[in-house]
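Scroll down for the structure; my scribbles are underneath it.
The values are calculated or read from the model by the stated rules, or taken from the named source; none is laboratory data. Owing to the predicted nature of the structure, the values given are computational and were not obtained by experimental measurement. Cβ: placed from backbone, ideal geometry, glycine included. Neighbour counts: every protein chain shown. Accessible surface areas use protein heavy atoms only, side chains included; no ligands, DNA or RNA. Shrake-Rupley method; radii C 1.70, N 1.55, O 1.52, S 1.80 Å.
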Amino acid sequence: MMKRPIRVLLAAGVLAACACGLQAQTVRVGNQGDALSMDPHSLNETLQLSVTGNVYEPLVGRDRNLALVPVLATSWRQVTPTLWQFQLRRDVKFHDGSPFTADDVVFSFARAAGEGSDVKTFVNEVKEVRATGPLTLEIETRAPFPILPSVITQLYVMSRKWAEQNQATRPVDRRKGLENAASFRANGTGPFMLRERQPGVRTVFVRHPGYWGRIEGNAAEVVYTPIGNDATRVAALLSEQIDVMEPVPLQDVARISASGRARVLQGPELRTVFLGLDQRRDELLYSNVKGRNPFKDRRVRQAFYQAIDIEGIRRGVMRGASTPTALIAGPGIRGYDAAIDKRLPHDPEAARRLLADAGYPNGFELTMNCPNDRYVNDAEICQAVAANLARVGVKVALQAETKGTYFPKVLRRDTSFFMLAWTPATYDAHNTLNALARCVDDKGAGQFNLGGYCNPKLDALVVAIQSETDQARRDALIREALQLHADDIGHLPLHQQALAWGVSNRVEVLQFADNFMPFRYMTVK
C-alpha cells in the first residue's frame, strides 16, 4: 500500500525539476532521452544531430519541405566528375563573434574524418577539402559523386580557432567514454546558442541575436529536459509543465488528444528498425556456442527471421503504429521499391527445421543488447523477440539499458545480437547501404555495419549507385542491392515506426519525417 504514494512523489519531483515557468517565448521540450554530447561529430544518431543541428550548421541543408537549400554555402557546382567548388556565405559569425571562413570548413571535414569521429560515413568518399580563398573551397572526391551535396547536410561546421583554444580538435569518442570541452560547450553559427548544459538533467538554448538568416518562429528560449518515464512525461505535458514531448506512448495518444490542453502530431517516419547479428567473429562473444559462430550460417539467420512474429509485434507492442518491412530502407526513401518489400513468413516450425539443419536442433543461448529509451517501445520489442525465439529453442538473455551506455557498447561492436534503427540523412537508399551494409573499412564505409556483414558484390553495387546519374539505372542498382542484402539476410528488418509528438495548445511546431526538431520553427502563441 505504500508503493503508490512513493511513485507519485518521485514523479512530482521529476516534474518540478523540469518546470521552468511560463516565460514568454519559452518552449519546454521533454524527450525520453538526452543528446549524449554537444560535439556535432561524436555520434551519428538522429536525436544527437537534431539537437546539435540547432547550434551548428552544414554547408548545404534542408528547408521545411526537406529540399536542399544553401546554408553556410551560397552556391556549389560540380566542375568535373570528382571536383566540386563551393562559394561560402559572407558575414557569418560564430556565437563567440569570430568570423566563419573556408578554413573552418576544411578543419571540420578533417575532424569528421578523423580519429574518434562517428560521422565518417558522411565523408568516406571525400579525398581532400581545400580552401581556395577566405570564402571559397574545393571538395575532391575519390570517384564521381553527384550526390555529395545531399550527403553532407548533417556534417556540421565548427570553429577551428575555438576547437584549438579548447583542446577539442578531435571528436569525443563515444566508444571509449572520452569527453572534452565540445562535450559540454558549443560554438556554432546556428540560430540558437547553448546557454546551459546539465547532461541528463537540462539543456537550455537561446536565440542567437546575431544570426545571419531568418528564424521563422518566435521562440527565444528552448529548455530541453530528458524525462525517461512515459507516465511522467505525459503528466508533464497535461499539467502544462512542458510544451512538446517525444515520443508519445502509444497507449496515451487518445488521452492526450481528448485532453483539450494538447494534441498529438502523428505521421510516418523514415526510420527503419532492425536487428543486427555478429557475422564477423569466428566465435560469438556472448553465447554458449563455442568454437564457431552460428550467424555465419544463413540458415540460422533465416531461422531467427522466421521465428519473429512481426504482426504480433505490430498489433500488441506497437498498437498498430508500425509498418513491417523486409528491407533496411523503407517508403519515402529514394530508391525504395514496394515490389521487393516482401517479408518471409512467420513460421516457427520452419525456424526449428532450419536450426536443426544448421546443427542446432536444441537451439542455443546468447545475449541480446537493446536500448530502453531510444526507439518507440524498444525494450518491449526486444522482449517480444526474445519470447518468439524461445519458442524455437533459442534462449535469449536480454540486456536492455539506457542509450548512454548502450550506444558506446554496440559501437565498439561488443555485442552478438542487437537492435538498431536508421534514417538516411540523404533520404536516399545509398546512405543506408553505405553505412549499414558495405564491408567495413577504415574510411567510413560500413561504419554502422556493426555485425560485420560483407558481400563484395553488394559493395560494387553501392559504388556504382553513388556515381550513377541516370535515375532509372540508379533505381535499378538500388533495387538489386536491397534485394541482395535481403536474400543474404544481412540484418533482420522489423518495421518503420510512426512518429507521435505531444504538443501543448500554446505552441506551434513543425514535424518532419526524419524526426528532427528544429527550434527555428517553434512559435509560442
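Annotations for the structure displayed:
- When residues of the range 357-400 are limited to those that are of a type in the set (D, E, K, R), outside any strand (DSSP E or B) and within 30 Å of the chain's Cα centre (by Cα), the one farthest from Leu411 (Cα to Cα): Glu380
- Condition met for Arg343 (modelled with pLDDT of 95 or more and either within 20 Å of Gln483 (Cα to Cα) or part of a strand (DSSP E or B) (or both)): yes
- Which listed residue, of Arg261, Arg292, Arg255, is without any contact (Cβ under 8 Å) to a residue 40 or more places away in the chain, under 30 Å from Ala498 (Cβ atoms) and open to solvent by 10 Å² or more (accessible area, probe 1.4 Å): Arg255
- Every condition in (1) within 24 Å of Thr423 (Cα to Cα); (2) crowded, with 17+ Cβ neighbours inside 10 Å; (3) at pLDDT 95 or above is met by Pro249 except one, and the failing one is (3).
- Every test in (1) within 27 Å of Met522 (Cβ to Cβ); (2) in contact with a helix residue (DSSP H, G or I) (Cβ under 7 Å, 6 or more places away or on another chain); (3) crowded, with 20+ Cβ neighbours inside 10 Å is passed by Ser50 save one, and that test is (2).
- Those residues of the range 493-510 which are in contact with a strand residue (DSSP E or B) (Cβ under 8 Å, 6 or more places away or on another chain) and assigned to a loop (DSSP other than H, G, I, E, B), in sequence order: Asn505, Arg506, Val509
- Residue in the range 187-198 that is modelled with pLDDT under 95, touching a helix residue (DSSP H, G or I) at 6+ places or on another chain (Cβ under 8 Å) and of a type outside the set (A, V, I, L, M) present: no
- Residue within the range 72-90 that is exposed (fewer than 14 other Cβ atoms within 10 Å of the Cβ), touching a residue at least 40 places away in the same chain (Cβ under 8 Å) and in a loop (DSSP other than H, G, I, E, B) present: yes
- Residue that is farthest from Leu66 (Cα to Cα), among those in the range 448-463 that are in a helix (DSSP H, G or I) and open to solvent by less than 20 Å² (accessible area, probe 1.4 Å): Leu458
- In the range 389-402, the residues that are more than 18 Å from Val289 (Cβ to Cβ) form Cβ pairs under 8 Å with partners that are among the acidic types (Asp, Glu) and open to solvent by less than 60 Å² (accessible area, probe 1.4 Å), at six or more places apart or across chains, as follows: Ala400/Asp378; Thr402/Asp373.
- Cβ-Cβ contacts under 7 Å between residues 6 or more apart (or on different chains), taken from a first residue in the range 198-212 that is more than 21 Å from Pro226 (Cα to Cα) to a second residue that is assigned to a strand (DSSP E or B), are listed as His208/Phe192; His208/Met193; Gly210/Lys93.
- Selection within the range 91-108 - open to solvent by less than 20 Å² (accessible area, probe 1.4 Å) and among the charged types (D, E, K, R): Asp104
- Any hit, the range 299-319, residues being closer than 20 Å to Asn455 by Cα and open to solvent by 60 Å² or more (accessible area, probe 1.4 Å): yes
- One residue from Thr203, Thr189 being open to solvent by less than 10 Å² (accessible area, probe 1.4 Å), more than 23 Å from Lys525 (Cα to Cα) and among the polar types (S, T, N, Q): Thr189
- Set Asp414, Asp470: member being more than 18 Å from the chain's Cα centre (by Cα) and open to solvent by 50 Å² or more (accessible area, probe 1.4 Å): Asp470
- Residue pairs whose Cβ atoms lie under 6 Å apart, separated by 6 or more positions or on different chains, with the first residue in the range 28-42 and in contact (Cβ under 8 Å) with a residue 60 or more places away in the chain and the second open to solvent by 10 Å² or more (accessible area, probe 1.4 Å) and acidic (Asp, Glu), are Asn31/Glu246; Gln32/Asp373; Gly33/Asp373.
- In the range 322-354, the qualifying residues are those that are open to solvent by 20 Å² or more (accessible area, probe 1.4 Å) and of a type in the set (Gly, Ala, Ser), and the one that is farthest from the chain's Cα centre (by Cα) is Ala339.
- Leu477 vs. criteria over 27 Å from Gly116 (Cα atoms), open to solvent by less than 10 Å² (accessible area, probe 1.4 Å) and at pLDDT 95 or above: yes
- Residue match in the range 485-492 (condition: assigned to a strand (DSSP E or B), among the aliphatic types (A, V, I, L, M) and out of contact with any Ser or Thr (no Cβ under 8 Å at 6 or more places or on another chain)): yes
- Criterion (in contact with a Gly (Cβ under 8 Å, 6 or more places away or on another chain) and either more than 25 Å from Gly444 (Cα to Cα) or not basic (Lys, Arg) (or both)) met by exactly one of Val106, Val55, Val79: Val55
- Residue within the range 506-513 that is of a type in the set (Val, Ile, Thr) and within 21 Å of Val234 (Cα to Cα) present: yes
- From Ala435, Ala445, Ala513, Ala425, residue being in contact with a strand residue (DSSP E or B) (Cβ under 8 Å, 6 or more places away or on another chain), in contact (Cβ under 8 Å) with a residue 40 or more places away in the chain and assigned to a loop (DSSP other than H, G, I, E, B): Ala513
- Conditions (1) open to solvent by less than 40 Å² (accessible area, probe 1.4 Å); (2) over 25 Å from the mean Cα position of the chain (by Cα); (3) farther than 30 Å from Asp442 by Cβ; number of the one not met by Pro209: (1)
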